[in-house]
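Written below as structure tokens is the structure these notes are about.
The values are calculated or read from the model by the stated rules, or taken from the named source; none is laboratory data. The structure displayed is predicted, hence computed values, not measured ones. FYI the Cβ positions are ideal-geometry reconstructions off the backbone, even for glycines, and counts take in every protein chain you see.
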Amino acid sequence: MRRIITMTVNNRPGVLNRITGLFTKRHYNIESITVGHTEIEGISRMTFVVNVDDERTAEQIIKQLNKQIDVLKVNDITDQAIVARELALIKVAAPPAVRQEIYTLIEPFRASIVDVSKDSLVIQVTGEPEKVEALIELLRPYGIKEVARTGTTAFTRGAQKATTNQKTAFII
Amino acid sequence: MAKMKVEEQEKAKTKARMSGSLMLIEALKAEKVEVIFGYPGGAVLPLYDELYKAGVFHVLTRHEQGAIHAAEGYARISGKPGVVIATSGPGATNIVTGLTDAMMDSLPLVVFTGQVATSVIGSDAFQEADVVGITMPITKHNYQVRDISELPRIIKEAFHIATTGRPGPVLIDIPKDITTAEGEFDYDQDVHLPGYQPTTQPNHWQIRRLVEAVSQSKRPVILAGAGILHANASNELRQYAEQQNIPVIHTLLGLGGFPADHPLFLGMAGMHGTYTANMALCECDLLINIGARFDDRVTGNLKYFAPKATVAHIDIDPAEIGKNVPTKIPIVSDAKAALQELIAQQGKPADTAAWLAQLDEWKRRFPLHYEPEAGTIKPQKLIEMIYEMTNGEAIVTTDVGQHQMWAAQYYKFNRPHRWVTSGGLGTMGFGLPAAIGAQLADRSATVVSIVGDGGFQMTFQELSVIQELRLPIKIVIVNNQALGMVRQWQELFYDKRYSHSLIPNQPDFVKLAEAYGMPGLRAKTEAEAAEVLKQAFAMDGPVLLDFHVRADENVYPMVAPGKGLHEMVGVKACEESSR
Ligand SMILES: Cc1ncc(C[n+]2csc(CCOP(=O)(O)OP(=O)(O)O)c2C)c(N)n1
Ligand SMILES: [Mg+2]
């Protein structure tokens, strides 16, 4: 199953290495990672999408991450109300004859053209990973030359539904 | 007024400017470090210069691996962090095994490694190695000092992290220029680690659930690991077991936490555990794990592990709870704190009379067993003789292999902190250097280092240190002319194809001892062994004893890999008349 894990970490040398090393050591599969600064200086935020076999493994990941000294907070937000976004750049073959068709096709996705050359276009799309996926699939018949995806970044919405099953790190 | 002055003076002193090397020395003094195990080299020369001037007690082992295993032995016996210094590159890579060993067995170490100067890091400079990268997965935490101003804080954090929560090794990599740079030494600061807040007190609700579970159970059992020893909770364990009438089983590393001669003790569990301990795990209806991590050598095949039991697990590391065995009652806590709380609850004891009668019956019918044999030395008998010779009071260190298991089975530990062995990693070469650290942690103790003829040769260069410091360690080589444990597996699982496990031409260990300036004695029969032991324990200094035992002896009982604990082989029913 797919889990989305976010965490805040001390922005120290090697911290990303610590985290990915832990994933390797314990045989956890990472689908994507995003890292960036937060509103607090010296603290970074990471979002992981991982594929795990079961609940127990998911719980182990959280606990192992929590043991890292430089990890301040870990949350499995998969089952919460969240905002999850990804950005993708898609270079697609686009001879003049099909350009208009592509423009129409990407419009409902609120994607934009960020580069145009003689026989290709670069399309930028932002949204939930499923939406990005869907657009890529629609563009595939035209001939995709290159795709660059950022991976998912996410956090919880301001208001949570009362029923949400909040996952915490410790079973104290 | 006068008090103010003293405080200001103190402040001024702790804020003095000094070199990184001197800071390190001052920090070690502040941490009351009694002994450093180390080995010099280019990157740590400034540091060794300060050590020379400061007259700090430093043990020069003959290999960095010896230094770190000695530090582990010291930590195991003293409960204090073992301190190690190694130079950059090969010095640092030589301690990798020891770090992993300490990580697996939760031993507190603070390890300093030299590093090339910051200006050349990343250029593949002479004796440069990415030590922080290499040791990241095998340390509880590690650091590379990038600026002199960070050094005091980092050392302080390192000692804090190594010794609190679940203990473990912490490494500090110090570039050479940092050791000579000057900075302000402020060691009077608080440790501020928001990402590291170990839970040490139990949750009351979970404690009450456990009390309730105990009162309802008919066949409870405690599985106690080294967490008992780290928490100094032996007395509490005994009180609790007696209060509630619950029998106790130890893991390999927990031995000594509960008295071996106590009627409630069932022995060691696992691959070479006692019949009664393993069967108790199979039959119990409530399993209370205190400070053990359900290692596969303890549980056997998880599919068959404690199938009838409700599992409660007390551990200071939340990640261990539920990792291998689904756990109904999780208690994240220091073992001592949890046991005190449990004792204080004075819960209704379980009605264990029938259960204890059953266990006693098993103990009587299926004790540890070996066939005595005239004209040779039975390794099991040898351990029993050593036990008697030392009144069960010795500190015993072992290497890894058959002799280790025999020592665990036949040396009955009644006191905590007397047993030093490499459990999780199973590191050959551990036993001899660990004895050095153990003896330095307790100078008045009798230390016996029981090693195999194979593993001894991985670190025997440390005989030099034993001789130099006149440490009165009794070194016992259980010489079966084989990598015995490997040979046993090949006999049992590979149709006796002894691929590279027989070493019939071992060197003359007695002469080797003499070459290092210590007496060596040899025995080939039980009578000789008795004589040799008497001589050895009458000597004041170190002595090496080479006991030739049968090569084809196996360790039993045994749970073969992949099998459940109920599938022990080599169990013999013992009728009234026999031993
Ligand atoms: C460093 C290391 N290498 C290999 C092994 C695998 N191993 C486990 S026990 C053993 C045999 C040990 O032989 P010896 O020291 O003579 O002890 P014995 O089993 O004969 O008592 C070996 C090779 C190990 N545990 N550690
Ligand atoms: Mg051997």
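Residues checked against (1) more than 25 Å from B:ALA515 (Cβ to Cβ); (2) surrounded by fewer than 22 Cβ atoms within 10 Å (Cβ to Cβ); (3) within 16 Å of ligand 2 (Cβ to nearest atom); (4) outside the structural domain of B:GLU34 (by TED's automatic domain parsing):
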position: B:GLY424; (1), (2), (3), (4): yes, yes, no, yes
position: B:GLY437; (1), (2), (3), (4): no, no, no, yes
position: B:LEU440; (1), (2), (3), (4): no, no, no, yes
position: B:SER449; (1), (2), (3), (4): no, no, yes, yes
position: B:ILE473; (1), (2), (3), (4): no, no, no, yes
task: Identify, by number, the condition in (1) within 14 Å of another protein chain (Cβ to nearest Cβ); (2) among the charged types (D, E, K, R); (3) in a strand (DSSP E or B) that A:GLU59 doesn't meet.
output: (3)
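Rundown of residues vs (1) more than 14 Å from chain A (Cβ to nearest Cβ); (2) surrounded by fewer than 24 Cβ atoms within 10 Å (Cβ to Cβ); (3) part of a loop (DSSP other than H, G, I, E, B); (4) not small (Gly, Ala, Ser), yes/no style:
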| site | (1), (2), (3), (4) |
| --- | --- |
| B:THR199 | no, yes, yes, yes |
| B:VAL211 | yes, yes, no, yes |
| B:SER215 | yes, yes, no, no |
| B:LEU223 | yes, no, no, yes |
| B:ASN235 | yes, yes, no, yes |
| B:GLY254 | yes, no, yes, no |
| B:PHE258 | yes, no, yes, yes |
| B:ASP261 | yes, yes, yes, yes |
query: Taking the stretch B:459-483 on its own, how many of its residues are more than 17 Å from B:ARG522 (Cβ to Cβ) and touching a residue at least 60 places away in the same chain (Cβ under 8 Å)?
result: 14
task: Report, by residue number, each residue of the stretch B:268-294 that is part of a helix (DSSP H, G or I) and touching a residue at least 40 places away in the same chain (Cβ under 8 Å).
output: B:TYR275, B:THR276, B:ASN278, B:MET279, B:ALA280, B:LEU281, B:CYS282, B:GLU283
task: Report, by residue number, each residue of the stretch B:173-197 that is in contact with a strand residue (DSSP E or B) (Cβ under 9 Å, 6 or more places away or on another chain), within 14 Å of another protein chain (Cβ to nearest Cβ) and surrounded by 15 or more Cβ atoms within 10 Å (Cβ to Cβ).
output: B:ASP173, B:PRO175, B:GLY195, B:TYR196
query: Somewhere in the stretch B:387-409, is a residue under 17 Å from the mean Cα position of the chain (by Cα) and away from ligand 1 (no atom under 16 Å from the Cβ)?
result: yes
field: Extreme residue, surrounded by the fewest Cβ atoms within 10 Å (Cβ to Cβ), among residues of the stretch B:484-507 that are among the aromatic types (Phe, Trp, Tyr) and within 13 Å of ligand 1 (Cβ to nearest atom)
entry: B:TYR498
- prompt: Among (1) over 17 Å from B:ASN414 (Cβ atoms); (2) in contact with a Leu (Cβ under 7 Å, 6 or more places away or on another chain); (3) more than 14 Å from chain A (Cβ to nearest Cβ); (4) assigned to a helix (DSSP H, G or I), where does B:ILE207 come up short?
  reply: (3)
- request: For the stretch B:186-208, state whether one or more residues are basic (Lys, Arg) and not assigned by TED's automatic domain parsing to the domain that holds B:THR310.
  value: no
- prompt: Any idea which of B:VAL510, B:VAL549 is within 16 Å of ligand 2 (Cβ to nearest atom) and surrounded by 16 or more Cβ atoms within 10 Å (Cβ to Cβ)?
  reply: B:VAL549
